[in-house]
Ligand SMILES: [Zn+2]
């Protein structure tokens, strides 16, 4: 229902505003991001979603960065080791937190959207680290793991999947097929390098050709600085019939957290994204380092 309104907005060429960062926004509000704060500080997570809705976001994305069974199990030698030394609830933790992330976003919408259609996108990243396509799991594992994640977020009531920071065509294709099985719309957002290509060396143009037949709702670019995203958009513009979108990061990756810089205050951020709208981007938002003020600023590009 909520996705239908977004779909119609895209079909009529109007701007769809995506939200900004949530993980780094939790940090910026002086709270550690450990365990995503979904269970310890749900009110904080809800408040950030609400701030993005009030800033004009049509789509809000869940606080679920790399919440997966794999991410938890990767800390252990194997399952037996996890059972031996890990805390008792780890087996179901990823599913429980994913479920909570969707429910918090839905609650925020109920409280703040004031009748405006706002869609809740389940934010899902690559199964292994987003910047390391060389670590990607086998296709068979990826199918099973995406199926499990998508079933969980579908049951929790997500309106769509936002597959983010994708680094390879293979993983995008597998996720798109699993989203079809889960009967959820999916947007696929790739991370690109300064040449505007994928980290695997594959081209964005071949990515669109692989995804167009799979029912993908939009192709986006995210989690790179504005100039790199601009390079990727230049490669995509005019080469696909799918709606295009972009949400760059600002600041610097400072593992495991984020370094905020003052390079892109909201007005400069808006100015950087403005030409992208003319180049065909119909979905704009923000990745790491962006705030509700950045999202409010891009609303005027509609
Ligand atoms: Zn990012």
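Pairs only if they're at least six apart or on different chains, beta carbon under 6 angstrom, first in region 248-275 and free of Cβ contacts under 8 Å to residues at least 24 places away in the same chain and on the phi > 0 side of the Ramachandran plot, second more than 15 Å from the ligand (Cβ to nearest atom) and not in a loop (DSSP other than H, G, I, E, B); list them, first residue then second.
Short answer, once both residue conditions are applied: none.
Considering only region 214-234, I want to know if a residue exists there that is part of a loop (DSSP other than H, G, I, E, B), within 16 Å of the ligand (Cβ to nearest atom) and surrounded by fewer than 18 Cβ atoms within 10 Å (Cβ to Cβ).
No: zero hits.
If residue 238 satisfies every condition in (1) out of contact with any helix residue (DSSP H, G or I) (no Cβ under 8 Å at 6 or more places or on another chain); (2) within 14 Å of the ligand (Cβ to nearest atom); (3) not in a helix (DSSP H, G or I) but one, which is the exception?
(2)
Could we say that residue 91 is more than 16 Å from the ligand (Cβ to nearest atom), closer than 29 Å to residue 259 by Cβ and part of a helix (DSSP H, G or I) here?
Taking the combined requirement at face value, the residue does not satisfy it.
Among the numbered criteria (1) free of Cβ contacts under 8 Å to residues at least 12 places away in the same chain; (2) buried (at least 18 other Cβ atoms within 10 Å of the Cβ), which one does residue 140 miss?
Answer for residue 140: the failing condition is (2).
If you go through region 146-158 one residue at a time, how many are under 15 Å from residue 64 (Cα atoms) and in contact with a helix residue (DSSP H, G or I) (Cβ under 6 Å, 6 or more places away or on another chain)?
Result for region 146-158: 7.
Looking at 122, 158, 154, 147, can you tell me which residue is more than 16 Å from the ligand (Cβ to nearest atom) and assigned to a loop (DSSP other than H, G, I, E, B)?
158
Of all residues in region 243-257, how many are crowded, with 22+ Cβ neighbours inside 10 Å and within 13 Å of the ligand (Cβ to nearest atom)?
Qualifying residue count for the region: 5.
State all residues of region 275-292 that are surrounded by 15 or more Cβ atoms within 10 Å (Cβ to Cβ) and either part of a helix (DSSP H, G or I) or within 16 Å of the ligand (Cβ to nearest atom) (or both); if no residue qualifies, say none.
276, 277, 283, 284, 285, 286, 287, 288, 289, 290, 291, 292 - these are the residues of region 275-292 that are surrounded by 15 or more Cβ atoms within 10 Å (Cβ to Cβ) and either part of a helix (DSSP H, G or I) or within 16 Å of the ligand (Cβ to nearest atom) (or both).
Which residues, taken from region 161-183, are within 16 Å of the ligand (Cβ to nearest atom) and either in a loop (DSSP other than H, G, I, E, B) or in contact with a helix residue (DSSP H, G or I) (Cβ under 8 Å, 6 or more places away or on another chain) (or both)?
163, 166, 167
Any read-out appearing in this document is the output of simple, stated calculations on the displayed coordinates, not a laboratory observation. Since we're looking at a predicted model, the values are computed, not measured. Quick reminder, even Gly has a Cβ in these numbers, built from the backbone with ideal geometry, and neighbours come from all protein chains shown.
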